[in-house]
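Okay, structure first, notes after.
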Amino acid sequence: FNLKKKKKVCLCSEMEQDSVSNDSPNPVERETDEVVLRRRQKQINFGKNTLAYDRYIKEVPKNQRIPGVHPRTPNKFKKYSRRSWDQQIRLWKIALHAWDPPQEESWDLQPVCGYILGSTDQALEDWCSLNFCMERGRD
């Protein structure tokens, strides 16, 4: 028996609800290490530099985003352990995949040489034919 309880992880990013300010009675600790902040920003930029993120921000305006339903960028300024931060980024990026562009049903793959054969260069055409024949001979 494994009696350990699994920790509940929220995609809504409770860190934003706890806002990193000094106004609350229990102020949240701020991350001040510049190396950590740069690394976190790099991870955030990596997630935002995707087609899924572009589709997400176009399809779901900020004022229509629902905590717990829509992914929320983790707060890089809040103090987290490395493991906790990495898990938040991982879950955020997984949630963003819901907005990946639809995949095409079938791929129309053709030999690379098929595109080059329009060339008037006979040597190139011969090379492609030779390589195609050699590849088929290996099967």
Potential extension, Glu59-Ser84 segment - 0.36 nm per residue separation minus Cα distance
6.1 nm
Based solely on C-alpha atoms, express the radius of gyration and the Dmax of the range 37-97 in angstrom.
11.7, 33
Amide H neighbours of Val28 at under 5 Å, excluding residues fewer than 5 places away on the same chain, with H built from the backbone geometry, are Ser21
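FYI, it's all coordinate maths here, none of it is from the lab. Please read these numbers as outputs of a predicted model, since none were measured by experiment.
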